[in-house]
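> First the structure, which I've put down as structure tokens, then a few questions once you've had a look.
The values are calculated or read from the model by the stated rules, or taken from the named source; none is laboratory data. Source: prediction; values computed, not measured. Ideal geometry is used to build each Cβ from the backbone, glycine not excepted, and the neighbour counts take in all protein chains shown.
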Amino acid sequence: MQHHARLLLPLLVAACAPALHAAPSVDPRIEKLLGELGKVRAISAVQWSPDGSQLAWVVRTDGKEAIEVAKADGSDAHRIGVAKATDCSETDPAWSPDSRHLAFLSNCASGSRQKDLLIADTQAKESPRHMASLPGVAQGLSWSPDGKALGFLYVPNGTRRASAVYAAKPSVGEIGVDGLEVQRVASVDAVGGAVHLLTPEDIYAYEFAWSPDSQRITYTAARPPGDNNWWVAKLYVQNAASGQKAIEILDPSTVKGPLHGLQMALPRWSPDGKRIAFIGGLMSDQGATGGDLYAVPATGGEPTNLTPGTRVTPAWFAWTGAQQMLVAQVTNGQSQVAQYDVDAGKATQARALFTLPANIGDGSAEMGLSLSADHSRVAFVQSSYAEAPEVHAGALGETAPAAVTRINAALKPGWGKAESVEWDNEGHHVQGWLLYPANYDASKSYPMIVTVHGGPSSAVIPRWPGVGFGGVPFSSLGYFVFMPNPRGSFGQGEGYVQANRKDFGHGDLRDILAGIDTIEKKLPVDDKRLGLTGWSYGGFMSMFIPTQTQRFRAVVAGAGIANWQSYYGQNLIDQWMIPFFGASVYDDPQVYAKSSAINFIKQTKSPTLIVVGDRDAECPAPQSFEYWHALRALGVPTSLVVYPNEGHHFVDTDHQRDVLQRALMWFEKYLPPSK
């Protein structure tokens, strides 16, 4: 449960929910900080035109998204569509193979319950042309290589975004039967017209890719409900037309090698159409991609692990030749782009092109690059603790491309400097990020807040914060902020990711404590003033750690898990648990019990603020109630705030601000930055 590395990031915006009871009066410094964090304009979905002459991206302003098109150097940036004139959003830009036409999704004409598929001629001045109406939920536009069709993921008449991290449907009617929504791969002819539903109605598709000859598609899919079954998805191939048979070519539950029981993401055809490569590994959520590179024949068979024993975590890749790949990967808490040589049985890193202490991707949680058709140019959104998000684009080489936009250029960090910290513990090399307090004075002693990331299969990589929940803002108010990547995280190879299976909260806690000790040996951190926070898996750790050690004097637990045994029967995504715990709670209750905070709750003394969404499918609100109830019974200072109509990822900006504001004030009360 992430979310998303994803969970400490700026979140998406939706219609406002009912207001909460007002928080206590706010420190003016906190109000100013929240105002500054709210100024960042999110950028996503950067796309090169195939000929490398134009760029497109999506920029969010005041909660609404609009598409901008620019020349290759970022000049002459201008909006297309009508979003600039109306209260609506336009997303998912996709260049046609001729590099002249740009397709995109818009709700400007039809409202939030329907999107329209439009296409703009970027060399003409006429309005975009309507291609199809899409009542429901659509995303992920992709042109067929021959330019004759547009494919996308589509939930016909869907009522909610297709993801477990968004607010679950209300639990009414016959549970698990009523109101199932199935995401399918669909297509529309390039000239527009009818929508063709390609994949069967009884399987839920998560990702897809066109074959090089445009005649077939490959996709990952599982039986509905889709929110729960991504963790057991299979790989399929079928002809790219309605009514065609879906041919299952890979089921991780039945293979014999290292992929057994794990997850798949990013299926990609080889240039000759004979193999399908993908990333396979132990993953916490769809979208938080990381693992080894695999390949399987397009006709089916046993998959081949192309990168066994690698000490990095591939997170995105593209074929750049018959025997070459470009790979974006996590290494020791940083983003790296590398070239790989590929043969029938192995993918070997030929050279690392560049490594950045920054997040590179499409502006969301995932890594993701855009390449020109000849693979000579690369583009992505980049942000770090030092620089706000901008589009970076240019030649693909050993120097990372420079920014070609100045969308957030006026923003400057209000927090302290960032430093990578590394240490060894129990045979593991561990890394984390440390933010110094703003206006740091080496002669003073400071408190430190430890922020544990979501996942656990994820990583902290430097990224500019928004108003969403995260650790960076605490630095602005005078705290050291420690963001570790303990065992279970991406960045040290798949063995490191799997090192906390069946051991949640134990080995990873020892890694974190060893990291704290490393920092305290060289910097003026007051061990009597340590705080702890996190969301999702980090929320679980924020509940569990105080039952194992008394070092933390104040805690904020976001969307946490107090009792893995009761959680198993409450959440809507139980399929993710068996790969991590090794068995169901009914078959091995003890492996769940040993990581359940509620079983050690009498050891907890730390004042704890607990926050959660009332429709969270991944970490249901009853878990937060259970922990809050126990703390109250034990006389431990606590507060529980439940946010209406929110899922695992909060989408209401007022709620995002309120959570961060309450967290800042909680630490200010119980862990003041100055004595």
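> Going through segment 210-245 one residue at a time, which ones are in a loop (DSSP other than H, G, I, E, B) and of a type in the set (A, V, I, L, M)? Let's see the steps before the verdict.
Residues of segment 210-245 that are in a loop (DSSP other than H, G, I, E, B), as a first pass: 211-215, 223-225, 233, 240-245.
Hits for segment 210-245 are 233, 240, 241.
> Does residue 443 qualify as being more than 30 Å from residue 672 (Cα to Cα), out of contact with any Gly (no Cβ under 6 Å at 6 or more places or on another chain) and modelled with pLDDT of 95 or more? Even if it seems obvious, please write down each step before you answer.
Numbers: more than 30 Å from residue 672 (Cα to Cα): no; out of contact with any Gly (no Cβ under 6 Å at 6 or more places or on another chain): yes; modelled with pLDDT of 95 or more: yes.
Taking the combined requirement at face value, the residue does not satisfy it.
> Report, by residue number, each residue of segment 580-606 that is out of contact with any Lys or Arg (no Cβ under 7 Å at 6 or more places or on another chain) and crowded, with 20+ Cβ neighbours inside 10 Å. Before the answer, list the steps.
Going residue by residue through segment 580-606, those that are out of contact with any Lys or Arg (no Cβ under 7 Å at 6 or more places or on another chain) are 583-590, 592-605.
Within segment 580-606, 585, 592, 595, 596, 597, 598, 601, 604 meet the criteria.
Matching residues to (1) within 22 Å of residue 320 (Cα to Cα); (2) surrounded by 15 or more Cβ atoms within 10 Å (Cβ to Cβ); (3) more than 24 Å from the chain's Cα centre (by Cα):
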{"residue": "355", "(1), (2), (3)": "yes, yes, no"}
{"residue": "358", "(1), (2), (3)": "no, yes, no"}
{"residue": "385", "(1), (2), (3)": "no, yes, no"}
{"residue": "393", "(1), (2), (3)": "yes, yes, no"}
{"residue": "419", "(1), (2), (3)": "no, no, no"}
{"residue": "430", "(1), (2), (3)": "no, yes, no"}
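> Looking at 30, 119, 80, 43, which is the one that is touching a His at 6+ places or on another chain (Cβ under 6 Å) and among the aliphatic types (A, V, I, L, M)? Please lay out each step first, then the result.
Working: 30 fails: touching a His at 6+ places or on another chain (Cβ under 6 Å); 80 fails: touching a His at 6+ places or on another chain (Cβ under 6 Å); 43 fails: touching a His at 6+ places or on another chain (Cβ under 6 Å).
Answer to the check: 119.
> Shifting gears a bit: Tell me whether segment 612-627 contains one or more residues that are aliphatic (A, V, I, L, M), surrounded by 18 or more Cβ atoms within 10 Å (Cβ to Cβ) and at pLDDT below 95. Walk me through how you get there before you give the answer.
Narrowing segment 612-627 to residues aliphatic (A, V, I, L, M): 612, 617, 621.
This time we only want the ones that are surrounded by 18 or more Cβ atoms within 10 Å (Cβ to Cβ), so: 612, 617, 621.
Now restrict to residues that are at pLDDT below 95: 617.
For segment 612-627, residues aliphatic (A, V, I, L, M), surrounded by 18 or more Cβ atoms within 10 Å (Cβ to Cβ) and at pLDDT below 95: present.
> Are there any pairs, at least 6 apart or on different chains, whose C-beta atoms fall under 6 Å, with the first in segment 377-399 and assigned to a loop (DSSP other than H, G, I, E, B) and the second modelled with pLDDT of 95 or more and of a type in the set (Phe, Trp, Tyr), and if so, which?
388/464; 389/464
> Ok, one more. Can you spot a residue in segment 294-308 that is touching a helix residue (DSSP H, G or I) at 6+ places or on another chain (Cβ under 8 Å) and at pLDDT 95 or above? Full working, then the answer.
Narrowing segment 294-308 to residues touching a helix residue (DSSP H, G or I) at 6+ places or on another chain (Cβ under 8 Å): none.
No, segment 294-308 contains no residue that is touching a helix residue (DSSP H, G or I) at 6+ places or on another chain (Cβ under 8 Å) and at pLDDT 95 or above.
> Within the group 424, 374, which residue is over 23 Å from the mean Cα position of the chain (by Cα) and in a loop (DSSP other than H, G, I, E, B)?
Working: 424 fails: in a loop (DSSP other than H, G, I, E, B).
Unique residue meeting the criteria: 374.
> For segment 408-417, state whether one or more residues are within 25 Å of the chain's Cα centre (by Cα) and within 23 Å of residue 94 (Cα to Cα).
No: zero hits.
> Select, from 510, 501, the only residue that is under 23 Å from the mean Cα position of the chain (by Cα), surrounded by fewer than 20 Cβ atoms within 10 Å (Cβ to Cβ) and more than 23 Å from residue 334 (Cβ to Cβ). Let's see the steps before the verdict.
Numbers: 510 fails: under 23 Å from the mean Cα position of the chain (by Cα).
Result: 501 is the single residue among 510, 501 that is under 23 Å from the mean Cα position of the chain (by Cα), surrounded by fewer than 20 Cβ atoms within 10 Å (Cβ to Cβ) and more than 23 Å from residue 334 (Cβ to Cβ).
> For segment 628-675, how many residues are buried (at least 20 other Cβ atoms within 10 Å of the Cβ) and under 21 Å from residue 160 (Cα atoms)?
11
> Here is a follow-up. What are the residues in segment 27-81 that are closer than 30 Å to residue 658 by Cβ, of a type in the set (A, V, I, L, M, F, W, C) and touching a Ser or Thr at 6+ places or on another chain (Cβ under 6 Å), if any?
Within segment 27-81, 33, 58 qualify.
> Do the conditions hold for residue 267, that is, is it surrounded by 21 or more Cβ atoms within 10 Å (Cβ to Cβ) and more than 29 Å from residue 484 (Cα to Cα)?
Numbers: surrounded by 21 or more Cβ atoms within 10 Å (Cβ to Cβ): yes; more than 29 Å from residue 484 (Cα to Cα): yes.
Yes; evaluated as a whole, the condition is true for this residue.
> Under the condition of being touching a strand residue (DSSP E or B) at 6+ places or on another chain (Cβ under 6 Å) and part of a loop (DSSP other than H, G, I, E, B), which residue from segment 246-269 is farthest from residue 145 (Cα to Cα)?
Here the answer is 258.
> If the Cβ limit is 7 Å and pairs must be 6+ apart or interchain, which residue in segment 118-136 that is among the acidic types (Asp, Glu) pairs with which residue that is at pLDDT 90 or above?
If the second residue must be at pLDDT 90 or above, the pairs left are 121/100; 121/101.
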